[in-house]
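Here's the structure we're looking at; comments come further down.
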Amino acid sequence: MTRRNGTGQVRKIAHWSDNKTFTGTGANTVPVTNPATGTVTGQVSLASVEDAHTVIDAAVAAFPAWRDTSLAQRTAIIFKFRELLNERKSELAEIITSEHGKVVSDALGEVSRGQEVVEFACGIAHLLKGGMTENASTSVDVHSIRQPVGVVGIISPFNFPAMVPMWFFPIAIATGNTVVLKPSEKDPSAAIWIAELWAEAGLPAGVFNVLQGDKTAVDELLTHRAVKAISFVGSTPIAEYVYATGTAHGKRVQALGGAKNHAVVLPDADLDLAADAMVNAGFGSAGERCMAISALVAVGDIADELVSKIADRTNTLKIGDGTRDSDMGPLVTKVHRDKVASYVDAGEAAGATIVVDGRDVDADGEANGFWLGPTLIDNVSTDMSVYTDEIFGPVLSVVRVDSYEEALDLINSGPFGNGTAIFTNDGGAARRFQNEVEVGMVGINVPIPVPTAYYSFGGWKSSLFGDTHAHGTEGVHFFTRGKVVTSRWLDPSHGGINLGFPQNN
Ligand code: NAD
């Protein structure tokens, strides 16, 4: 079913350039769907090469004035944006739910975590201070400054249409760059709402732009001479492509990829708290989180009791339309729902035990929604596709091991290194784990250890390509370039010819 507006036309979701809607010339569109109803609610434009150039040109034109706008004025606009966002975040949460499917409370949580980065960016002046050395050489002073890189491209995934862009653009804008955001074509409306809010906050035209599209739009960002840095978040194969192509075109690139996050539960852990955490981290947002726990590694003889506790809790979850009183919503598309379900089929065929089966869930929502209930699979072995692949759905696999060493080896031998967690009451074991595990973000009795905004977010191995993580001081570093100035003010005693290499004296 396709929903039409009052004039009988399907809502068109276009680009945003120069503080106004830009329809573009590209004739291609793709449908945007409400995952809870299966209804097509709009058509999003896919940028042509020409559209991409128009939007990038707007960012190029806005850069010189924005980089020269005083820190005080830039900060005032970011502060205003924060105030508007805080007042109206429920509107944004509703948009997210209508296109992504996550429940409204979870969408609000996403916006709040993004807002943290906006708040961090309000204090950017402190982080842009350089160093100064007086009299490094006789009458010579040296100081360092950090300057914006220029036009920045942000390419984001479907699962956090507000928070992931907010990992980057508040800091990019605060440090004096101009931005082109290319959101996921599955849930493109949040970006436009954010763009309108920036305009209302007083951001000059061209500083924040939205380019809707697919590979064509991405490729223009990756290859256009004027784009100086790329922040990408998405699946690992695309992250690798983005990193290789962007760097080959001389850009600074941070490309955050996929994940397969393990939680280790040691025999001394509080099993009730661990079971709560597994349900929250396995099934929140229908498992469509890069920090979701998808593999539970149960160490020793606790597995039966732990699995039973998780199953009891899972069976209480209410699955349904995110605008109703549900714990978990639908998956983002029908194709994705079917792909996730096929992993459950494959696990079952390979001999795993389906403890809770979400395949024919009775959801509180329309029949055409993309429903898949939370699924708990026990006795998963490491050769099964349900273990080896990133599934990105509400599927929690249980792998049973005998020792801490075996658990650690499982994690460290895998291709991903985004997040992990350990559940234990033994401080020594936890400390050893944080030291030995090859993963970028570690939780100790905390299941989804997303760092707060003033730390940096990022994984290791195939979960991140590039040297710099998102937000925090690494984010400030990514969006700025260092410059060191050595100065001496005119004094007749400084004259004279000397072709030797300058030495400090
Ligand atoms: P995706 O890789 O399909 O898409 C990400 C972005 O790349 C989108 O904007 C999309 O339009 C674009 N894209 C898709 N195909 C492309 C192509 N062939 N060439 C160029 N660009 C292309 O990812 P998704 O399905 O939207 O998001 C889910 C993935 O993102 C999961 O793998 C998840 O783990 C990952 N993710 C990672 C993090 C992290 O912090 N590491 C955070 C969120 C999501």
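The values are calculated or read from the model by the stated rules, or taken from the named source; none is laboratory data. Predicted model, so just to flag it, every value in this text is computed and none were measured. As a convention, Cβ positions derive from the backbone with ideal geometry for all residues, glycine included, and neighbour counts pool all protein chains shown.
Within the range 44-64, does at least one residue satisfy the condition of being in the same structural domain as I171 (by TED's automatic domain parsing), in a strand (DSSP E or B) and under 25 Å from the mean Cα position of the chain (by Cα)?
yes
Which count do you get for residues in the range 263-293 that are in contact with a Lys or Arg (Cβ under 6 Å, 6 or more places away or on another chain) and within 16 Å of the ligand (Cβ to nearest atom)?
Summing the residues that are in contact with a Lys or Arg (Cβ under 6 Å, 6 or more places away or on another chain) and within 16 Å of the ligand (Cβ to nearest atom) in the range 263-293 gives 1.
Return only the number of the condition from (1) closer than 18 Å to V297 by Cβ; (2) touching a Ser or Thr at 6+ places or on another chain (Cβ under 6 Å) that I448 does not satisfy.
(2)
Any residue that is touching a residue at least 12 places away in the same chain (Cβ under 8 Å), within 16 Å of the ligand (Cβ to nearest atom) and either in a strand (DSSP E or B) or of a type in the set (D, E, K, R) (or both) - is there at least one of those in the range 142-151?
No; the residues of the range 142-151 include none that is touching a residue at least 12 places away in the same chain (Cβ under 8 Å), within 16 Å of the ligand (Cβ to nearest atom) and either in a strand (DSSP E or B) or of a type in the set (D, E, K, R) (or both).
Can G369 be described as away from the ligand (no atom under 16 Å from the Cβ), among the small types (G, A, S), under 30 Å from G38 (Cα atoms) and in contact (Cβ under 8 Å) with a residue 60 or more places away in the chain?
In short, yes.
Can you tell me how many residues within the range 222-233 are outside any strand (DSSP E or B) and either surrounded by fewer than 19 Cβ atoms within 10 Å (Cβ to Cβ) or more than 9 Å from the ligand (Cβ to nearest atom) (or both)?
The number of residues fulfilling the criteria is 4.
What are the residues in the range 440-472 that are of a type in the set (D, E, K, R) and within 13 Å of the ligand (Cβ to nearest atom), if any?
Once the filter is applied, which keeps residues that are of a type in the set (D, E, K, R) and within 13 Å of the ligand (Cβ to nearest atom), the range 440-472 yields only K461.
Which condition number does A421 fail, the rest of (1) closer than 20 Å to E116 by Cα; (2) not assigned by TED's automatic domain parsing to the domain that holds S235 being met?
(1)
Run A76 past the list (1) in contact with a helix residue (DSSP H, G or I) (Cβ under 7 Å, 6 or more places away or on another chain); (2) away from the ligand (no atom under 16 Å from the Cβ); (3) of a type in the set (A, V, I, L, M, F, W, C) and report the number of the one that doesn't hold.
(1)
For D360, only one of the following conditions fails: (1) more than 16 Å from the ligand (Cβ to nearest atom); (2) out of contact with any Asp or Glu (no Cβ under 9 Å at 6 or more places or on another chain); (3) at pLDDT 95 or above. What is its number?
Tallying (1) more than 16 Å from the ligand (Cβ to nearest atom); (2) out of contact with any Asp or Glu (no Cβ under 9 Å at 6 or more places or on another chain); (3) at pLDDT 95 or above, D360 fails exactly one: (3).
Looking at the structure I just gave you, is H126 part of a strand (DSSP E or B) and more than 12 Å from the ligand (Cβ to nearest atom)?
No; evaluated as a whole, the condition is false for this residue.
Among the residues of the range 168-191, is there at least one that is aromatic (F, W, Y), in a helix (DSSP H, G or I) and either touching a Ser or Thr at 6+ places or on another chain (Cβ under 8 Å) or under 24 Å from T247 (Cα atoms) (or both)?
yes
Just to be sure before I move on: is T37 modelled with pLDDT under 95 and of a type outside the set (D, E) in the structure I sent?
no
Mind checking which pairs have a first residue in the range 276-298 that is closer than 17 Å to S308 by Cα and a second that is more than 11 Å from the ligand (Cβ to nearest atom) and charged (D, E, K, R), Cβ under 6 Å, 6 or more apart or different chains?
Cβ pairs passing all conditions: V279/R313; A298/R400.
Can you name every residue in the range 204-214 that is surrounded by fewer than 24 Cβ atoms within 10 Å (Cβ to Cβ) and in contact with a helix residue (DSSP H, G or I) (Cβ under 9 Å, 6 or more places away or on another chain)?
Listed by number, the residues that qualify are P204, A205, G206.
Tell me, yes or no, whether the range 431-442 has at least one residue that is closer than 29 Å to P330 by Cβ and either in contact with a helix residue (DSSP H, G or I) (Cβ under 6 Å, 6 or more places away or on another chain) or at pLDDT below 95 (or both).
No - not one qualifying residue is present in the range 431-442.
Quick one: is G475 within 14 Å of the ligand (Cβ to nearest atom), without any contact (Cβ under 8 Å) to a residue 60 or more places away in the chain, buried (at least 23 other Cβ atoms within 10 Å of the Cβ) and not charged (D, E, K, R)?
No.
For the list (1) among the small types (G, A, S); (2) at positive phi; (3) near the ligand (Cβ under 9 Å from one of its atoms), I need the number of the one condition that G206 fails.
(3)
Kindly establish whether V395 is surrounded by 23 or more Cβ atoms within 10 Å (Cβ to Cβ) and closer than 21 Å to L271 by Cα.
Yes; evaluated as a whole, the condition is true for this residue.
State which residue pairs qualify: first residue free of Cβ contacts under 8 Å to residues at least 40 places away in the same chain and inside the range 422-438, second residue part of a helix (DSSP H, G or I) in any location, beta carbons under 8 Å apart, and separation of 6 or more residues or different chains.
R432/Y404; E436/L408; E436/N412; V437/L408; V437/I411; V437/N412; E438/I411; E438/N412
Does T29 qualify as being in the same structural domain as E200 (by TED's automatic domain parsing), surrounded by 15 or more Cβ atoms within 10 Å (Cβ to Cβ) and closer than 15 Å to G322 by Cβ?
Here the answer is no, as T29 does not meet what is asked.
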